[in-house]
Amino acid sequence: MKHLIVSDYGIYLGLEAGRLVVKNKEDRKYFPLNRLATVSIAKKGVSFSSDVIEHFSLRGIKLFFLDFRGVAHSMLVGANQHAVVQARINQYRYIETNALDISIRLITAKIKNQRATLSYFNKHHKSTNLQNAIEELKRCTQIIKNAKTLNDVLGYEGYAANIYFSSLAKDKFLSESFLTREGRGSQEIANSMLNFGYAILSSYILNAITNAGLEPYLGFLHQKRPGKMSLVLDLMEEYRAWVVDRVVIKLREQYKNKKYMDTKLKSALISQIQATIAKKYIYKGKRLKLEHIIQRQVYRLSGEFSGEHIYKPYVFKW
């Protein structure tokens, strides 16, 4: 299934012979509706007919609206795509008593995937700095088992992130101007790309959570507050380094002399992340697209909430 991101001003979305037509003054492209999973509007000035919304609703195609940071602020889904009530009841009950245990598992996997990302690049660069960081991250996966509270888990996560990004900065794997990790609103080019990439990833996670009938605003690790999709942020953790960071590093030659993320660079980032999501990886003895792995992982998490399965976060092999 295809995830379409519309990121150009003045685009019109319409329907033609069972296909979505995306057009501007110079060009038009067609996408069969039966091959679309989501469509994300990432630019102002995009228009579409009411027929598009109706057919999306009937076919279960989700329509996301992204803000200037690439973060989804609205989602349109069909009324027939209701949440499974029991799944959310199980989620509420589980998180009340088991948040610490699953948070430790999740952040352990995140650190392992940060380590896998460094190992992936160290395979060719043979950096003492990266090797030291790889060893320290391995130690982090052991000491996090000592966490007694969620704040302890966040502390270990923060320490590992500092080791990880400091090693990338020291060896200039990102931009020359990258010194430390900065969140939303950063004007530094590499941080801007990371932030936009994480926003793209969040749309995939939100789609998987919605398909499973879970509550995206009720997580187990990230703070719960109005407007914050805590479960989306939680489940992104195991994929951030491999899906987004690795792509941003690979694109560094395209942005190393730039000061801001232009349309061409944004399109390249979207394309590379989509390619990673579409790539096949080993999952329980089978080769599956990462998109399908993410969905299965969310279903498995729902199974842990109901007591039917044990959730094991996905760890990438480099």
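Only the coordinates and a few stated rules stand behind these numbers; no lab work does. Computed from a predicted structure; not experimentally measured. Glycine gets a Cβ as well: all are built from the backbone with ideal geometry, and neighbour counts include every protein chain shown.
Give, in nm to one decimal, the length gained when the segment between Lys145 and Asn129 is fully stretched (0.36 nm per residue of separation minus the Cα-Cα distance). Don't jump to the answer; show the numbers that get you there.
Numbers: separation 16, 0.36 × 16 = 5.76 nm, distance 2.55 nm.
Answer, rounded to one decimal: 3.2 nm.
Please give the direction-averaged projected area of the C-alpha convex hull for region 186-318, in square nanometres with one decimal.
Seen from a random direction, the Cα hull of region 186-318 projects 9.0 nm² on average.
Work out the FRET efficiency for Asp51 and Ser267 from their Cβ-Cβ distance, taking R0 = 30 Å, and round it to the nearest 0.05.
Between Asp51 and Ser267 the formula returns 0.65.
Out of Phe48, Phe31, Ala147, whose Cα points farthest toward the positive end of the dipole of the chain (charges: +1 Lys, Arg; -1 Asp, Glu; placed on Cβ)?
The listed residue farthest towards the positive side: Phe31.
Give a residue-ordered list of calculated ³J(HN,Hα) values for region 268-276 (Karplus: 6.51 cos²θ - 1.76 cosθ + 1.60, θ = phi - 60°; whole Hz; x for Gly, Pro).
Whole-Hz 3J(HN,Hα) from phi for region 268-276: 5, 5, 4, 4, 5, 5, 4, 5, 5.
Let me have the 222 nm mean residue ellipticity of the chain computed from DSSP H runs of 4+ only, each contributing -39500 (n - 2.57), with the sum over all residues rounded to the nearest 500. Kindly include the intermediate steps, with their values, before the conclusion.
Details: 10 runs with 160 residues, N = 318.
About -16500 deg cm²/dmol.
Please tell me the relative contact order of region 143-297 in percent, rounded to the nearest whole number, where contacts are Cα pairs under 8 Å and at least six residues apart.
Computed over region 143-297, the figure is 19 percent.
Hey, got the dipole for the chain? About the Cα centre, +1 on K and R Cβ, -1 on D and E Cβ, debye to the nearest 20?
That gives a dipole near 880 debye.
Shape of region 139-189 from its Cα gyration tensor (a ≥ b ≥ c, root eigenvalues): rounded if a/c is under 1.5, otherwise prolate when a/b > b/c, or oblate?
oblate
How far is it, in nm, from the label point at Arg35 to the one at Lys250 when both lie 7 Å from their Cα along the line to the Cβ?
Label at Arg35, label at Lys250, 2.2 nm between them.
Residue-wise, which Karplus ³J(HN,Hα) couplings in Hz belong to region 204-218, taking 6.51 cos²θ - 1.76 cosθ + 1.60, θ = phi - 60°, and x for glycine or proline?
Ordered by residue, 3J(HN,Hα) equals 5, 5, 4, 4, 5, 5, 5, 4, 7, x, 8, 8, x, 8, 10 Hz.
Once both labels are modelled 7 Å past Cα along the beta-carbon direction, what's the Tyr9-Glu136 spacing in nm?
4.4 nm
Under the definition of Cα pairs under 8 Å and six or more residues apart, what whole-number percent is the relative contact order of the chain?
Relative contact order of the chain: 17 percent.
Beyond 29 Å, what share of the Cα-Cα pairs of the chain remains, rounded to the nearest whole percent?
Details: 19753 of 50403 pairs.
Result: 39 percent of Cα pairs exceed 29 Å.
For Val315 and Asn24, calculate 0.36 nm times their separation in residues minus their Cα-Cα distance, and state this gained length in nm to one decimal.
100.6 nm
Residues with amide H under 5 Å of Ile5's amide H, sequence separation 5 or more or different chain, H placed in the peptide plane at 1.01 Å from N; which?
Here Ser40 satisfy the definition.
State the answer as a single residue: which of Leu201, Leu100, Met229 lies farthest towards the positive end of the charge dipole of the chain, with beta carbon charges of +1 for Lys and Arg and -1 for Asp and Glu, about the Cα centre.
Leu201
Report, to one decimal in Å, the Kirkwood hydrodynamic radius for region 2-76 based on all distinct Cα pairs. The partial results should precede the final answer.
Values: mean 1/r = 0.0808 Å⁻¹.
By the Kirkwood definition, the hydrodynamic radius is 12.4 Å.
Placing unit charges on C-beta atoms (Lys and Arg positive, Asp and Glu negative, everything else neutral), compute the dipole magnitude of region 2-76 about its Cα centre in debye, rounded to 20.
With Lys and Arg at +1 and Asp and Glu at -1, about 180 debye.
Cross-link candidates for Lys29: which lysines have Cα within less than 16 Å, leaving aside residues fewer than 8 places away along the same chain?
Hits, sequence-local ones excluded: Lys2.
In percent, how large is the relative contact order of region 174-253, given Cα pairs closer than 8 Å and 6 or more residues apart?
It comes to 27 percent, rounded to a whole number.
From the cross-link list Lys228/Lys280; Lys170/Lys284; Lys112/Lys148; Lys172/Lys317; Lys44/Lys170, which pairs have alpha carbons spaced over 29 Å apart?
Check vs 29 Å cut-off fails for Lys228/Lys280; Lys170/Lys284; Lys44/Lys170.
Rank-order 230-241, 173-184, 189-200, 257-268 by packing density, defined as the average count of other C-beta atoms within 10 Å over each peptide's residues, highest first.
On the way: 230-241: 22.6, 173-184: 16.9, 189-200: 24.5, 257-268: 13.8.
The densest-packed peptide leads the list: 189-200, 230-241, 173-184, 257-268.
Based on the Cβ-Cβ distance of Glu96 and Asp67, what FRET efficiency does E = 1/(1 + (r/R0)^6) give at R0 = 25 Å, to the nearest 0.05?
FRET efficiency, Glu96 to Asp67: 0.20.
Between Thr180 and Arg296, what length in nm is gained on full extension when 0.36 nm per residue of separation is reduced by their alpha carbon distance?
Fully extending the segment from Thr180 to Arg296 adds 38.4 nm.
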